[in-house]
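The values are calculated or read from the model by the stated rules, or taken from the named source; none is laboratory data. Since the structure is predicted, the reported quantities are computational estimates derived from the model, not experimental observations. Accessible surface areas use protein heavy atoms only, side chains included; no ligands, DNA or RNA. Shrake-Rupley method; radii C 1.70, N 1.55, O 1.52, S 1.80 Å.
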Amino acid sequence: MLKKPNVVVIGGGTGTYTVLTGLKSYPVNLSVIVSMMDSGGSNRVLRDEFGILPTSDIRQCIVALASKNANGLIRNLFTYRYSQGTGIEGMTFGNLFMAALTDIYGSQEKAIEKTCKFLEVKGKIIPVTYDNSHLVARYENGAQVLGEHIIDEPSEKNGKSRIVELYLAPPAKANKKAIDAILKADLIVIGPGDLYTSLVCNLVVEGVSEAVRKSKAKKVYVVNLMTKYGQTNNFSAKDHLKVIESYLGQEVINVCIVNKKINVPKTVLKRYEEENAELVKNDLKGNQKLQIISGDFHSDIVFEKHKGDKLKRSLIRHDSQKLAKAIMSIL
């Protein structure tokens, strides 16, 4: 009997949710290493009032990998977001569920484990760290900003300036389970997702980049479809890869998956223009050390925010099945 390949996804947010949704239907040992730096929306409440680390990215991964046999009502509850109510407006049921379990068991790690068992999760969900740390961005204009949410939705001054360094305050050490998964991987997938606040935030955790470099796995980077104001203004595909490799090391990435031109509805494109975002141009060229997989990987669905959601979300996303097929072709 052939051994199932070990596939590790590193990231957070809707991009990681999309990758996991597609990959879970394939015969692989799937693990996801999830960012724990979120500080906006309901996660700010969790950090400030409950004293626990953010769970939104964890919750999305749990829902993505929940078994098809899991109760549909429970899956819907975990994504339900309160649109009213003092103190709970904007919160999700899933986040409150895990906060309650953390209080019951006295351990956030145990709460995540129990939630995964409850929803019959296929795969391993591994927080990149359990250290309480915040992102710090240093911009080319000299400004320094503390907090993922402020980096994600920057002031006008910083929004127009490039980030030149991202680090953690205080420094955080990687979860041992995350390092073990990376070293045992046959394939490591990074992205898609907000370049700094969903991807690089994992790579600056002590031990993660070193483990990725050391791992014998093929390393794949999935390039975003759209630029992000304040993080990737005017970035091409090559610019995205350059930032990833500035934290991982040159020529660590073996494969880049990049989308061809998207036919975006004019109404949607206008909304992106209002947010100072644009389609990512593909200027990558393959060589002996870098394979480029270019194709139609985007979804035709225009995603709208859920009622009660106060954060900005991607309207255009990758198609989970198309992306998963491209990733599996590498194996």
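Ignoring ligands, DNA and RNA, what percent of the 1.4 Å accessible area of the chain is carbon and sulfur?
Values: 7870 of 15750 Å².
Ligands and nucleic acids excluded, carbon and sulfur reach 50 percent.
What pairs from K160/K260; K184/K242; K24/K122; K124/K177; K4/K122 go past 19 Å between their alpha carbons? Mind dumping the intermediate values first?
Details: K160/K260 27 Å; K184/K242 26 Å; K24/K122 7 Å; K124/K177 10 Å; K4/K122 14 Å.
Exceeds cut-off: K160/K260; K184/K242.
At 37 °C and a viscosity of 0.692 mPa s, what translational diffusion coefficient does Stokes-Einstein give for the stretch 1-68, taking Rh as the Kirkwood radius over Cα pairs? Give it in µm²/s as a whole number.
Values: Rh = 13.0 Å.
Estimated via Stokes-Einstein, D reaches 252 µm²/s.
Calculate, in nm to one decimal, what N287 and E156 gain on full extension: separation in residues at 0.36 nm each, minus their alpha carbon distance.
Numbers: separation 131, 0.36 × 131 = 47.16 nm, distance 3.88 nm.
Extra length from N287 to E156 when fully extended: 43.3 nm.
May I ask you to list the aspartates and glutamates whose Cα is less than 12 Å away from that of K289, ignoring any residue fewer than eight positions away on the same chain?
E251
Can you pull the accessible area of H149 for me, 1.4 Å probe, Å² to the nearest 10?
60 Å²
What is the Rg over Rh value, at two decimals, for the stretch 114-226, using alpha-carbon atoms and the Kirkwood definition of Rh?
Numbers: Rg = 15.8 Å, Rh = 15.6 Å.
Result: Rg/Rh = 1.01.
With the alpha-carbon atoms as the only input, what is the per residue convex hull volume for the chain in Å³? List each step's numbers first, then the result.
Numbers: hull volume 45.5 nm³, N = 331.
Given the Cα convex hull of the chain, per-residue volume reads 138 Å³.
Taking Rh as the Kirkwood radius computed over C-alpha pairs, what is the Stokes-Einstein D of the stretch 52-203 at 4 °C in a medium of viscosity 1.567 mPa s, expressed in µm² per second?
Diffusion coefficient, whole number: 75 µm²/s.
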